[in-house]
Structures are given as structure tokens and as C-alpha cells.
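Enquirer: Take a look at this one; I'll ask things after.
The values are calculated or read from the model by the stated rules, or taken from the named source; none is laboratory data. Predicted model, so just to flag it, every value in this text is computed and none were measured. For neighbour counting, all protein chains shown are included, and Cβ atoms are generated from backbone atoms with ideal geometry for every residue, glycine included. These area figures cover heavy atoms from the full protein model, side chains too; ligands, DNA and RNA do not enter into them. Shrake-Rupley method; radii C 1.70, N 1.55, O 1.52, S 1.80 Å.
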Amino acid sequence: MNSVETKDVHLYYGDFHALKGITMAMKKNQVTAFIGPSGCGKSTYLRCFNRMNDLIDGVKIEGDILIDGVDIYKTNIQVDDLRKHVGMVFQKPNPFPKSIFENVAYGLRVNGTKDKAFIEERVERSLKQAALWDEVKDKLKKSAFELSGGQQQRLCIARALAIEPSVLLMDEPTSALDPLSTAKTEELIHQLKENYTIVIVTHNMQQAGRVSDYTAFFYLGELVEYAKTKTLFTNPKDQRTQNYITGRFG
Amino acid sequence: MKRYFHNLGEKLIEGLITISGTVTSITVLLIVFFLFKEGLGIFSQSPVAEGSVIAVHQNNPVKELKAAEVKEIFDQNITNWKEVGGPNAPIKLFSIDDITDYYTEEQIGANFEHLPQRLNELVAQEPNMLAFFPEEYLAKDFKGHRIELANVSLGDFLLGRQWYPTIQPAVQLGVLSLILGTLWVSLGAILIALPLGLASAIYLAEIANPKVRNILKPVIELLAGIPSVVYGFFGLVVIVPLIQDVFGLPVGETALAGSIVLGIMALPTIISVSEDAMRTTPRAMKEASLALGANKWQTIYKVIIPYSISGISTAAILGIGRAIGETMAVLMVTGNASVIPHTFLEPVRTIPATIAAELGEAPQGGIHYQALFALGCILFLMTLAINLTVDFVSAKKKENR
Amino acid sequence: MAFGTTSSSHKSKHLAQSAAFFIFRLLSFSVVAILLVILGFILVQGISVISWEFLTEMPREGMTEGGIFPALVGTLCLVAGSMLFAFPIGILSGIYIHEYAKDSWFKRFVKLMTNNLAGVPSIVFGLFGMTLFVNQFGFGDSILAGSLTLGLLALPVVIRTTEESLKAIDDSFRIGSLALGATKWQTVSRVVLPMAFPNIITGLILSIGRVSGETAPILFTVAAYFLPKLPTSIFDQVMALPYHLYVISTSGTNIEASRAMAYGTAFVLILIVLLANLLANWLRRYFGKKVKMN
């Protein structure tokens, strides 16, 4: 079953043709990794799934993007409803200048949840899911900035999980973290797969190999190759993919 | 040799540049020095009007009075000596114009040549008299004793409610009404400017599309440059009559007029400082909020405003500072009555306006002149406190990052 | 989980946003409208007064007739005098703070003092100018005393402008120059200053606009109530536009009769600020293009 499906997606930044007709489908409860050299369009493509590109002036998108069967660029889609359904974790940990608790509760509150007990329960569950609960349970009222970088990133993951999205987008989530925090986050991705469809952008090929079930290789705005991770890394069909994974460019 | 001159030139330039840097710092110290040198003089001068004498019968036990008591006596609010520590007897007031009630012109003399003698007799005859007359008519063998007026104390100065710097026989130099007037007008100004300014800043920083923004920004910047006297003039010909009509007041020159004009003047500062602060909110933080399903407005009030709150407070404080120090516009529209304000619909007088209006008429070195400098000191300290607060707030902001 | 159907929480969220944005838009436009009304009012009322005679004649009939020539000349003298003082010292101080001063207590002291000087109310500058320049130095009420006082007022503005402009120049240019064996001053004068020049000059022009409208500092240091002749030396008193406007609108011999003169004077004052802003904007764009082409 497909969670995210795109058909012939083109994206333009003004005159620049950034994505050139991308058609692919991402399976439910699987981890799909996007790899490719910087500027290949993998992050841009990811940001189409929760319409984050809307925030940039002069962006034009063509083609269809379906999430759980709903065309998200149809006019009657409310973009904040979509974003509630599609969570996102960013490159650098970006907690709000609020307490740890309020960071996680934020998504619930902005989406109209007022029930205190429910929020408390959900915050606890999300922090547990993000493997952060034991470290922060005694200082939920403390500022999120007091956490280490790795903890902050897991907080951001908990924050995304609290609104129970069905798809979780991760845009190079470990690029600002030390190796230990990276390992923890990758472990977490493994566990989260049970409940979520995860799409992760990374330029670390080892990471793609470690965490993903499927891998897509992007180059100059095109989807070059998309296959099971094992297949793509051991038996690439396209010469460009082979060059990239063997380190000839990138 | 050439190398040597080269190095010399380099050293000279460095010296010149260092000196320039020093000049600015010295200026501030000089300002403080001269301001306080003149201003503190007020505490060592007698508040008796210059060249005048206040005297009583030699047996009167009252030796010293406060300036405020003298005024109360001459206003006939105090009528008995026991109220100022003397015997239980009514106070008989005498000032030099009353002399004809006691003596004929012949007795005084055509050129007032006998006047000192007559005054001497009069004070000696009347045990309950409080006499006030010019020093030049003080007899050499004067039999009464001169009343010393207590020097103005810091408490009298700051907490006194009466500001009559030229009144006879004793000047009243209480600045409480001026301080409160300044704060009152500034408070009104900030109440007007803050909501408008913040709304505009939010609109410009987060809502307006770039085209609209590029038109509005220069207009607001331009208004920061309009001279205060022009704002004052506009207030005088438009806002003052408008307030008079709308509220049916006898005069339109009120605290409200001052607050409106100052509020308008503070707008550009508040808008640009708080807009800059909001624009420093990291993009990542805004995106995180949007990605969680918050809409633009929720992102603004739940993330952007809390993030830039110290910048916004700086903007508010700077706006207050601008209002407190503003002179000409306030002078022109507030009516300048030195009373403690109770509503926004009565005239008030601020510290800067007082200095501007009165310094030209105050004789140099006199107590009035020094009182105006002391007001300058108060104003300087108020704005210094504001600057230090701003420094403190922005230092704290850096710490939090 | 279904989405794509509008939830009730979404509706109230959206309503709050629409309401908030509507209010902000309304308030912002009313701010701009207030400001435009002030400008427009003065410009419309003033334009009919402006004529060649108004600009070049002495005031007559208790300042209800004639022109503003001596005040115009006076203001020009004061602006020129104050800039002569504030520009060199201010620019050099800015260079000192950003390029030369090491991170010592003295630099922090200079910065603190500069910041505080910027916050000192203009009337306090007037008090200071009066004691120091008029009385202590014995300049009397004169162009010299007034220019120095106004110059002090402009000083922190000039310093800050210079400092900000220097800050905008990337360190790599300085390092590049020093690496080629240039001395510090050579680096500053041949690399850094030329690059910072457009921004500095823009700030300076804006400060001219500011200084020309200041009233409080000149009240007791130079400004004459009525003086229908031109100055012959820097020790003369002069009339000045902002003080002239104050006088004829509040304490002239016949306030009603001099209203037209007042509108004309306010018009000229606004025009000076407007021209300074336009010139500054034009220079910014002009130099901006040049830098890009390089």
C-alpha cells in the first residue's frame, strides 16, 4: 500500500527547473531514503509533501502529489490540516524558546486541543516514542535550550509525533549531530517505522544503507533510480548511481 | 629613512584616530560635569528672591522659615505665628508697597532717602509683623532680625508640588508636577504608539507582501526624520483645535494633545526596532511551527513574538525615551501648566518644555537658572536609566542565544 | 486517518487568523495614513506660500510678511558648521571603534559612552552648549557655539553610521590586504573605506536632514528671535528655520497673521528632510549598482 504517491512532478524556482518530472510511490510503514549530491533536488522534493515550498516566493509546482490517496495540491485542501497529517523534522534541531513540555504540546495546542489530561498523556507518550522521556521527565518545565543537540533533535521528533502524523518527513535529521546522537536517532527511526511512513533525506550513504528499506537516487532534478536499498547499493542499474555510491562524485 | 617616515605616519594616524574616539567619551563626561556643577548649585542658594530681605521684630523667636511656609504666609493660608513655631499671635504681613499705609510721602522722602529709617522703626514697633522689602532699603543699624530661609533640600526639590521659580518673596522650586507631567505625557504616548507600532511591525515583518513593504518602509523612515517642531506645529494647528472641539474644552492644549503628537513621533522608532527584532527569528523556527500544522497567525503569536520579545521591549523603552526627552513638540501643544496631572484632558508641563521655556529668562547663576540645570540633571538621569535598561535587555538577549 | 475535510478546529483557527490579519492591516494602513496626512497637510498648505520672494526676502511687519531668507541662511550656516565638526571626528571615532580599538575596557567605555550620548535629549545638549561654549569659552550666542552644540548632537549618529558600514565589510578583504604587506592604515584607507563609503555617505546625508530640523539645542546657543540681516562672522547670532517656525507659530507678534509664513517655513523644513532622504536613497541605489557591477 502506498502512502505517498507522485505523478510527473515538476518544480520551478522562477526560471530554474528544479524538479523534472518525478513519479514515484513510497510504501506505508517503510523507510524511504533520498540520496544524491547537494543541489540535486531531494530536499525540495521532500518539502513538496507538506507544501513547505509554498513559503518561498516564485515557486511553481506541476503534477500530482497524493498522500494517503488525497491530492494535496487540490484547492480545497487546508494546508495546516495537511501539515498535521505529515510531520517534519529538520536539519538542525529547532526547538521553540519554550519549555520542553510546551514544545511537544505545541502542535496539539495550535490544532485546537484544550483537554489538559489528554495533552499531558500525549506529551509523555511522544517523548517515550522519541526515547527522550527518561532523560527529561524530571525537567519538563525547563527551557528546551538546556538540552544537548542530540536531545533537542529527539525533542523535535517527539514534537512531530505528538500530533500523530501518518507520514514523517526527515530532512537530513542527523547532519548537525555527533556520532552517538546520530546512532540514537537512527535506532529511533527503526522503531518508529512500525507506526509511521518515514521519508528521510540524507547525503550520508551509509546512513541510507543502515536505516532505509527503499532508496531513491536523485541527480540534477531527476529521479535516476529507485529500488530496494539492498538492490540499489549492491546492484545499481544506472551508471550515475554507481558513480555516486562508489564515491566518484558527490 | 623612507621606512621610518612611513611608520611615523602610521603612528600619527593611529594617534589621531584614537584621540577622536576619546573625544566622544569625554563629551559625555563633560556634559555630566557641567550639568551637575550648575544643577547642584541650587542646594546651596537661598530661595529668597534676589536682593530682597525678609525680616521680623527682634524679639520674634522665629529665626528660619522654609520657602513653602513663606509662600503660605503671603498667600494667607498661614495666619498665625504659632503655625511656624512662634508665639500665638496673628501674622501681620508687610511688603514694601504697603509703606504708604504707615507713613506719608514726606516722612519717606522724595527720593526714598528716609525709607530705610522708617522701615527700621516700623519693624521695631510691630512685634507680629513679617516684613518683605528690597535689600537696598535695609538700615545699617537695623533693629529687627532677618529671617533666614532654609536652602532647598533634595526632598523639597523632588517632592515639592509648587513650581513658581520667579515668585516673590520666596521662590518655590518643587518639581514633582513637572516629573509627573513628563511621565504622564510619555505614558499616554506609549499607550497610543505601542499597539499601533507593534501591529505595523508585525504586518511589515510577516504579513505584507514585499511590494507593499517596499512602499511602506521608506514612508515610515522618512517620518523619523521630520523635525519635532514641524510635528509640534501640526499638533498646534490640527490636533489641539480638534481636541478642543471633540471634548468641548476651554483650551485644546492638553496632555492628550502632547501624548498624541509624541505617540506619532515615537511610531517610526518602535516600528523599525521591533520589526528588525522579528525579522531575526530564525527561518527554521517558523518552519517548524508551520510544519506542525500551525497557521501563520499562530506562528506569529506563539513563536515569533516570544522569540523577539526582548527586541520588542527594547523598542518600547526606546519609544518612551524618545517621548521623555522630546522638547519642542510638547512645548507647543501641552499648555504648560505646572500642575500634577489627573486626567489627559488638562494642560501639563514637562521637564524639557520647562527648560526650553524658562532658561532664556532666568538670570545666569541665579537659583532659577540652577534649578533648570537641576531639571536637566533629572532628565539626563531618566534617559540614562532608559539607555542602561536597553543595554541590559539586549545583553540578556545575547546570553539566551 | 482522514484529512482533506475541513474540521471545526480548523475553522476557528482560520477565523482567528483572518481577524488578526485584518486588524493588523487596518492599523498599519492607518499609521501610514496618519503620517501621510501630516505630510500632505503641511505640503498642501505650504506650497501656495512658497515663492522666490519668500525664500529670498527678509521678514517684515512683525514676521507676518516677507520671507525667511535670514533663517534659511542661518540654518545652512549651522548645518555646515556642525558637519565640519561632526564628520571628521565622528568618522574617525567610528574607524577607531571598529578597526583600531582592541577589545579592552577602553573600547567598551567608548562604546558605552557613544550609546549614551545618542540617548541624551536634545534640550540637554542645549544646556551643555550654553554653559560650555556660550559662557565658559565666551563664544556668546553665536554660529560657532550653535554649530558645536549641533555637531555634538550629530556625533553619535555619524559614529554609528560609520561603525555599521565598516561592520558590513567582510573580514576577508582586510586579511587579503594585510597579507599583501599593506599596513593597517593602508588597508583601512584603500580597501575598507572605499567599500564602506556608499553607506557612510548615505548615513551622513540623513544626519544633515536631522540636524537642520533641531530646535532645542540652538535655543540658547545661537538662535535669534528676529534678526533681519545676514551673519558676517562665526561669532554672529542668526535666525534658524526650526526656531523661526516655533516663534511665529507660538509667540510671534501676531500669530494668526503669521500663519501663512508658518506653513511656508514648515514646508521648507519638510522639503529639506525629503530631499535628504531622496538623495540618500538615490546614492544607495547608485553605489549599490556600481558595487554589483564590480
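Enquirer: Looking at region A:59-102, which of the residues that are closer than 25 Å to A:PHE118 by Cα and of a type in the set (Phe, Trp, Tyr) is least open to solvent (accessible area, probe 1.4 Å)?
Expert: Applying the filter and picking the extreme gives A:PHE96.
Enquirer: Could you check, for region C:139-147, whether at least one of its residues is within 12 Å of chain B (Cβ to nearest Cβ), among the aliphatic types (A, V, I, L, M), part of a helix (DSSP H, G or I) and crowded, with 24+ Cβ neighbours inside 10 Å?
Expert: no
A quick yes/no check of all residues on (1) at the interface with another protein chain (Cβ under 10 Å from one of its Cβ atoms); (2) out of contact with any helix residue (DSSP H, G or I) (no Cβ under 6 Å at 6 or more places or on another chain):
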position: C:GLN186; (1), (2): yes, yes
position: C:VAL192; (1), (2): no, yes
position: C:ASN199; (1), (2): no, no
position: C:THR202; (1), (2): no, no
position: C:SER212; (1), (2): yes, no
position: C:PRO217; (1), (2): yes, no
position: C:PHE220; (1), (2): yes, no
position: C:ALA224; (1), (2): no, yes
position: C:ILE234; (1), (2): no, no
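Enquirer: Now, a different point. Consider region B:346-388. How many of its residues are closer than 26 Å to B:VAL48 by Cα, among the polar types (S, T, N, Q) and modelled with pLDDT under 90?
Expert: 1
Enquirer: Moving on. Quick one: what pairs do we get from region B:82-110, first residue within 22 Å of B:ASN59 (Cβ to Cβ), second of a type in the set (D, E, K, R) and open to solvent by 80 Å² or more (accessible area, probe 1.4 Å), C-beta under 8 Å, 6+ apart or different chains?
Expert: B:ASN88/B:LYS82; B:ALA89/B:LYS82
Enquirer: Name the residues in region C:235-256 that are more than 19 Å from the chain's Cα centre (by Cα) and open to solvent by less than 10 Å² (accessible area, probe 1.4 Å), would you?
Expert: Of everything in region C:235-256, those that are more than 19 Å from the chain's Cα centre (by Cα) and open to solvent by less than 10 Å² (accessible area, probe 1.4 Å) turn out to be C:VAL238, C:MET239, C:VAL247, C:ILE248, C:SER249.
Enquirer: Which pairs turn up if I take residues in region A:104-120 that are closer than 22 Å to A:GLN152 by Cβ and look for partners that are of a type in the set (Ser, Thr, Tyr) and in a helix (DSSP H, G or I) with beta carbon separation below 8 Å, at least 6 apart in sequence or on another chain?
Expert: A:VAL104/A:SER126; A:TYR106/B:SER289; A:VAL110/B:SER289
Enquirer: Of the numbered conditions (1) touching a helix residue (DSSP H, G or I) at 6+ places or on another chain (Cβ under 7 Å); (2) of a type in the set (Val, Ile, Thr); (3) more than 7 Å from chain B (Cβ to nearest Cβ), C:THR131 fails exactly one; give the number of that condition.
Expert: Every listed condition holds for C:THR131 apart from (3).
Enquirer: Mind telling me which of the residues A:THR246, A:THR231, A:THR182 ends up being open to solvent by 60 Å² or more (accessible area, probe 1.4 Å) and without any contact (Cβ under 8 Å) to a residue 40 or more places away in the chain?
Expert: One residue alone meets the criteria, A:THR246.
Enquirer: Right, another one. If you take just the strands (runs of 3 or more DSSP E) that sit entirely in region A:15-124, which of them hold at least 2 residues that are more than 10 Å from every other protein chain (Cβ to nearest Cβ)?
Expert: Here the list reads A:16-27, A:31-35, A:59-67.
Enquirer: Within region B:189-199, identify whether any single residue is assigned to a helix (DSSP H, G or I), open to solvent by less than 20 Å² (accessible area, probe 1.4 Å) and free of Cβ contacts under 8 Å to residues at least 60 places away in the same chain, and answer yes or no.
Expert: Yes, there is a match, as at least one residue in region B:189-199 is assigned to a helix (DSSP H, G or I), open to solvent by less than 20 Å² (accessible area, probe 1.4 Å) and free of Cβ contacts under 8 Å to residues at least 60 places away in the same chain.
Enquirer: Looking only at residues in region A:25-40 that are open to solvent by less than 40 Å² (accessible area, probe 1.4 Å) and out of contact with any Asp or Glu (no Cβ under 8 Å at 6 or more places or on another chain), which one is farthest from A:THR75 (Cα to Cα)?
Expert: A:PRO37
Enquirer: Another question, if that's okay. Among the candidates B:ILE54, B:ILE13, B:ILE73, B:ILE17, which residue alone is assigned to a helix (DSSP H, G or I), surrounded by 17 or more Cβ atoms within 10 Å (Cβ to Cβ) and away from every other protein chain (no Cβ under 14 Å)?
Expert: B:ILE73
Enquirer: Just the residues that are under 23 Å from B:LEU359 (Cβ atoms), assigned to a helix (DSSP H, G or I) and β-branched (Val, Ile, Thr), please, taken from region C:77-134.
Expert: Residues satisfying the conditions are C:ILE123, C:VAL124, C:THR131, C:VAL134.
Enquirer: Here are the criteria: (1) within 10 Å of chain C (Cβ to nearest Cβ); (2) closer than 19 Å to C:VAL31 by Cβ; (3) over 24 Å from the mean Cα position of the chain (by Cα). Tell me which single one B:ALA205 does not satisfy.
Expert: (1)
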